[in-house]
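A short worksheet on the structure shown next.
Computed from the coordinates by the stated procedures, all read-outs in this text should not be read as laboratory data. Everything numeric in this text was worked out from a predicted model, so none of it was measured. Using ideal geometry, Cβ is built from the backbone for each residue, glycine included, and neighbour counts are taken over all protein chains shown.
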Amino acid sequence: MYQPFLIGNRFRVVPPGTSTKLERLDLIMERGAFGSGEHETTHSCLELLEDLPEVRQADLLDLGSGTGILAIAALKLGAAAATCVDISPEAVDNCRHNCVLNGCADQVTHVAGSLSDLGSRNFDLVLANIYGDLLLQFASDLASRVRPGGLLLLSGILWEYNFAVRQTYAAAGCELLRNRMLEEFSTLLLQKR
């Protein structure tokens, strides 16, 4: 069990069984091996998500979904559906469980695998809080998954990878909207041209 904590202006991360407080959107997270929202990159993504009107009714992809916290938050902000992808079956099970706890299981498709397991499907919003070297490796495929005008919210990028990730996604047809530098990492919000 852990103590509830606040993220941004709208979210509260709570363990299962915590009483709801209506002034915040509760993200019910079972403590697991894949994080419950404490990391600075997760905070940064949630803070940016809560201010994006484009989240409403979005069909989104969460690559490297882990606990599913980002997809769950987007759904609580009004996204229509989420596809959560992680290479770890344990993470997928954890994500599935957290979606049930948060009452959004029927809006989420879970995939234990990689981008290649999604066919040619496109999305309104792509979330990827994974390492910068992976974001570079997947840049072309990830950018091609976003509909024109759609958004990519990328994090987990160590400072040393920030410039390379920005340049690579720009070359893949994405325009930088925000570049947040954190203590060790950075977060990028991009729009597909």
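So here's what we get for this one:
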{"quantity": "The range 1-34, residues that are assigned to a strand (DSSP E or B) and either closer than 22 Å to SER88 by Cα or in contact with a Cys (Cβ under 7 Å, 6 or more places away or on another chain) (or both)", "calculated": "LEU27, ILE28"}
{"quantity": "In the range 93-109, the residues that are under 15 Å from ASP62 (Cα atoms) and either touching a Ser or Thr at 6+ places or on another chain (Cβ under 8 Å) or touching a residue at least 40 places away in the same chain (Cβ under 8 Å) (or both)", "calculated": "ASN94, CYS95, ASN98, VAL108, THR109"}
{"quantity": "Residue check, GLU40 farther than 19 Å from THR20 by Cβ, under 14 Å from the mean Cα position of the chain (by Cα), surrounded by fewer than 20 Cβ atoms within 10 Å (Cβ to Cβ) and not aliphatic (A, V, I, L, M)", "calculated": "yes"}
{"quantity": "Hits in the range 40-61 - residues which are touching a residue at least 24 places away in the same chain (Cβ under 8 Å) and farther than 23 Å from VAL111 by Cα", "calculated": "GLU40, HIS43, SER44, GLU47, LEU48, GLU50, LEU52, GLU54"}
{"quantity": "All positions within the range 108-145 that are surrounded by 19 or more Cβ atoms within 10 Å (Cβ to Cβ) and either on the phi > 0 side of the Ramachandran plot or of a type in the set (S, T, N, Q) (or both)", "calculated": "ASN129"}
{"quantity": "Yes/no for GLY37 being in a loop (DSSP other than H, G, I, E, B) and either among the basic types (Lys, Arg) or within 23 Å of ASN179 (Cα to Cα) (or both)", "calculated": "yes"}
{"quantity": "Tally of residues being buried (at least 22 other Cβ atoms within 10 Å of the Cβ) and either assigned to a strand (DSSP E or B) or at positive phi (or both) across the range 57-77", "calculated": "7"}
